[in-house]
Amino acid sequence: QGRWVPGTECLAKYNFQGNDSEDLPFNKGEILTIVKSRDPNWYRARTKDGREGMIPFNYVEEQVKLKDMP
């Protein structure tokens, strides 16, 4: 599985409450934007309302934009 570049939008597949202060809690269906992807299992992301923190890679999937489709 490749790393996502900063700016990639992803869709939350599950609710995530977070385990510590660095984590970014989010709800299923929320759109998040990747900020950094140093660790293959945890990405730094931002919500639409500007909150930022770490998210588990396996809780999100890449959001495919219509313009990217053939």
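Only Cα pairs under 8 Å and 6+ residues apart enter the sum, and on that basis the relative contact order of the chain stands at 33 percent. The 3J(HN,Hα) values that the Karplus relation (6.51, -1.76, 1.60; θ = phi - 60°) gives for the range 3-10 are, in residue order, 7, 8, 6, x, x, 5, 8, 9 Hz. Gly and Pro appear as x.
Put in order of Cβ neighbour count within 10 Å, fewest first, the listed residues ILE55, ILE31 become ILE31, ILE55. Taking each pair of distinct Cα atoms in the chain once, what is the resulting Kirkwood hydrodynamic radius in Å? After inverting the pairwise mean of 1/r, the radius is 12.0 Å. Taking trypsin sites (Lys or Arg not before Pro) across the range 1-47, the ones in a DSSP loop with at most 16 further Cβ atoms lying within 10 angstrom of their Cβ are ARG3, LYS13, LYS28, ARG38.
We did not get these values from a lab; they are worked out from the coordinates using the rules stated. Bear in mind the structure is a predicted one, so any value in this text is a computation, not a measurement. With ideal geometry, Cβ positions are generated from the backbone for all residues, glycine too; neighbour counts draw on all protein chains shown.
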